[in-house]
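The values are calculated or read from the model by the stated rules, or taken from the named source; none is laboratory data. Everything numeric here is computed off the predicted structure, so don't read it as measured data. Positions of Cβ are generated from backbone atoms using ideal geometry, with glycine treated the same way; all protein chains shown enter the neighbour counts.
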Amino acid sequence: MKALASIKKYQFFIICLGLLGLISIFPANAQIVGIPSGSSVVSTLNFNFIISWRAINYVPSGFIGKILPSKNSKIEVSFDVLDLDNKKFIDISQQQIEWYLNNEPLKLGIGLKSVVFSANSGSDQTIEIIIPNYTDNKYNKGQYNGSILNAITSIPVASPKIIINAPYPNKTISIGENLFQALPYFFNVNTLNQLKISWDIDGTEYFNEQVNRQDTLILSTDTQGQAVEGANVGIQASAQNLLDQLELAKGYINLDIK
């Protein structure tokens with residue numbers, strides 16, 4: 001139970017980093033974006049775009065935050081448009097819809113409510129959706145026909161991260177066996193097996209012979225020689241995408257031994 005509580009604590013830490021702007025934010029899936037006021041046509045219309053997105057990326061099981069994309073991650077974006085006059089979602093199945101990614105054309109089509117694309121950089125991805133010639137005779141009696149409806153939203157892109165779960169109070173471990181787990185976040189993989197996870201102890205590569213899970217470390221402080229009571233130990237976990245050698249992250253902790 002202590003290990004589970006600690007894992008939840010580190011997941012909360014990841015979420016807090018997002019709130020502080022280090023890895024941007026963890027918004028809810030549904031994001032209401034008002035139509036920007038930049039032209040007379042837009043400012044007179046009473047519509048809201050409701051935009052949702054999800055990243056196809058790896059996080060540990062049980063993660064409750066928003067899964068952020070990293071560079072080259074697949075991102076799926078979809079939307080609906082709410083008519084605030086009638087408090088109804090408009091039918092966009094017959095509307096021409098244009099999608100732009102970072103100010104470049106992405107896709108267009110009739111009734112194209114969703115797209116999938118790859119984050120082309122490590123920077124936030126800007127999506128613009130345009131209905132260039134809105135037509136609706138059902139609710140508004142055609143008063144908005146020919147209008148341009150559009151919305152812009154930004155999708156945060158994170159760097160992959162790895163956190164070492166060390167379920168020990170006050171960063172202190174005891175003589176004997178101590179258990180650690182590496183928790184990788186936001187890697188562009190589908191399973192943990194597509195990552196290579198390695199461990200270093202005090203700067204020396206450590207071969208994890210006691211367990212058959214690469215994300216788990218059992219450190220026996222009474223057999224390492226260097227670690228004695230009153231000393232400290234530095235532990236580093238590294239994760240590398242086996243399909244993309246440039247996608248990697250390292251995490252480090254320093255613990256007292258008592």
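Being under 30 Å from N165 (Cα atoms) and either assigned by TED's automatic domain parsing to the domain that holds A239 or modelled with pLDDT of 90 or more (or both) is not true of I51.
With respect to L219, is the statement that it is in the same structural domain as P169 (by TED's automatic domain parsing) and at pLDDT 90 or above true? Here the answer is no, as L219 does not meet what is asked. Considering only residues in the range 74-105 that are polar (S, T, N, Q) and in contact with a Phe, Trp or Tyr (Cβ under 8 Å, 6 or more places away or on another chain), the one that is nearest to F117 (Cα to Cα) turns out to be S78. Within the range 56-99, if we keep just the residues that are part of a loop (DSSP other than H, G, I, E, B) and in contact with a helix residue (DSSP H, G or I) (Cβ under 9 Å, 6 or more places away or on another chain), the residue that is surrounded by the most Cβ atoms within 10 Å (Cβ to Cβ) turns out to be L68. As for the range 106-126, it holds at least one residue that is β-branched (V, I, T), in contact with a Phe, Trp or Tyr (Cβ under 6 Å, 6 or more places away or on another chain) and outside the structural domain of L195 (by TED's automatic domain parsing). When restricted to residues that are touching a residue at least 40 places away in the same chain (Cβ under 8 Å) and not in a strand (DSSP E or B), the range 171-225 contains 13. Checked across the range 139-146, the condition of being buried (at least 19 other Cβ atoms within 10 Å of the Cβ) and assigned to a strand (DSSP E or B) holds for no residue.
Here K161 passes the criteria (1) surrounded by fewer than 18 Cβ atoms within 10 Å (Cβ to Cβ); (2) touching a strand residue (DSSP E or B) at 6+ places or on another chain (Cβ under 6 Å); (3) of a type in the set (K, R) except the one numbered (1).
Is at least one residue of the range 107-118 assigned to a strand (DSSP E or B) and under 21 Å from N46 (Cα atoms)?
So in the range 107-118, the residues assigned to a strand (DSSP E or B) come out as 107-110, 114-118.
Narrowing the set further to residues that are under 21 Å from N46 (Cα atoms) leaves none.
Scanning the range 107-118, I find no residue that is assigned to a strand (DSSP E or B) and under 21 Å from N46 (Cα atoms), so the answer is no.
Within the range 121-137, at least one residue is among the hydrophobic types (A, V, I, L, M, F, W, C), farther than 25 Å from I67 by Cβ and assigned to a strand (DSSP E or B).
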